[in-house]
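Visitor: I am attaching a structure below and will ask some questions about it afterwards.
The values are calculated or read from the model by the stated rules, or taken from the named source; none is laboratory data. Keep in mind the model is a prediction, meaning the values are calculated, not measured. Note that each Cβ is placed from the backbone with ideal geometry, even for glycine, and that neighbours are counted across all protein chains shown. Heavy atoms of the whole protein, side chains included, go into the accessibility calculation; ligands, DNA and RNA do not. Shrake-Rupley method; radii C 1.70, N 1.55, O 1.52, S 1.80 Å.
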Amino acid sequence: MINKNATNPAALRSRKALATALVSLLLNHPLKDIKIEDITRTAGLSRQTFYTNFSQKEDILEHALNELFLMFTGSLQSLPETINKMLAVYFEFWSGHKKFLSVLFDNQLSYIFAANNMYLFKNEFSFYAKNVSNSQEELPYLEDYLAGLTFHMLRTWQQNDWNEDTEMIVQIACRLLKGDIFNGKEL
């Protein structure tokens, strides 16, 4: 749980330092082996500062991921016009954060990403599902489908050691959405 004082500059600096320290430690150690003391020592902060801002290690990663999603949505001047363009922007953004995603996924914390991604597609990106939906009943399924597709594409990309370039990932996602891979029919 993050401390409610979200605008205090000292608290913001502390959260950033704790997140940077934890991600740095996770590059070499699994989350289960990292102690709060390791994080605070690496961040140059006290244990009290940790508990003022967070209640557990996972909260740090959730905070860092929330910040990335805010950075992503904040970087959009406007929503891309088409699903294809949205996918290109989406995968390009996350390709710049492969290390962080690998840390999450390798430590069985992908559920944190999945929840944030679901929020993104049910709120900021609901426009795309609404554009192709035939009914109000269909809408939540389309939102879930887009959130699930993008999440699982990122997860598979990471499991494949990020071998494919972003353009290839976008092409695969577009083909899946159009149905080209399975039966060649347009949506």
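Visitor: Would you mind telling me the share, in percent, of accessible area of the chain contributed by carbon and sulfur at probe 1.4 angstrom?
Guide: Heavy-atom surface of the chain belonging to carbon and sulfur, 1.4 Å probe: 53 percent.
Visitor: Hey, can you list the DSSP H helices of the chain whose Cα span along the axis is 27 Å or longer and whose average Kyte-Doolittle score is at least -0.5?
Guide: Sorted by number, the helices that extend far enough and score high enough are 57-75, 139-159.
Visitor: In addition: Positive end of the charge dipole of the chain (Lys, Arg +1 and Asp, Glu -1 on Cβ, about the Cα centre): tell me which of THR166, ILE60, PHE93 has its Cα farthest that way.
Guide: Among THR166, ILE60, PHE93, the one farthest towards the positive end of the dipole of the chain is ILE60.
Visitor: With contacts defined as alpha carbon pairs under 8 Å and 6 or more residues apart, what's the relative contact order of segment 1-153 in percent?
Guide: Worked out over segment 1-153, it gives 21 percent.
Visitor: Another question about this same structure. Once a ≥ b ≥ c are taken as the square roots of the eigenvalues of the Cα gyration tensor of the chain, is the result rounded (a/c under 1.5), prolate (a/b larger than b/c) or oblate (a/b not larger than b/c)?
Guide: In terms of gyration-tensor shape, prolate.
Visitor: Moving on to the next point. Could you please put MET153, MET168 in sequence from largest to smallest accessible area, using a 1.4 Å probe?
Guide: MET168, MET153
Visitor: Right, here's the next one. To the nearest 20 Debye, how big is the dipole of the chain about its Cα centre, given +1 on the beta carbon of each Lys and Arg and -1 on that of each Asp and Glu?
Guide: I would put it at about 660 debye.
Visitor: At 1.4 Å probe size, with no ligands or nucleic acids counted, give the accessible surface of HIS97 in Å², nearest ten.
Guide: About 40 Å², ignoring ligands and nucleic acids.
Visitor: Efficiency by 1/(1 + (r/R0)^6): what FRET value for PHE127 and GLU164, r their Cβ-Cβ distance, R0 = 22 Å, to the nearest 0.05?
Guide: With a Förster radius of 22 Å, E is 0.20.
Visitor: In segment 122-187, which trypsin sites (Lys or Arg not before Pro) are in a loop and have at most 16 other Cβ atoms within 10 Å, using DSSP for the loop call?
Guide: LYS185
Visitor: Express the accessible area of the chain per residue in Å², computed with a 1.4 Å probe while the remaining protein chains stay in the model.
Guide: 57
Visitor: Check the straight Cα-Cα distances from LYS98 and name the aspartates and glutamates below 19 Å, setting aside those fewer than 8 residues away within the same chain.
Guide: Hits, sequence-local ones excluded: GLU58, GLU62, GLU67, ASP106, ASP161, GLU164, ASP165, GLU167.
Visitor: Top to bottom by accessible area (1.4 Å), largest first, where do GLU67, GLU167 land?
Guide: GLU167, GLU67
Visitor: Cα centroids of segment 109-187 and segment 14-41: how far apart, whole angstrom?
Guide: 31
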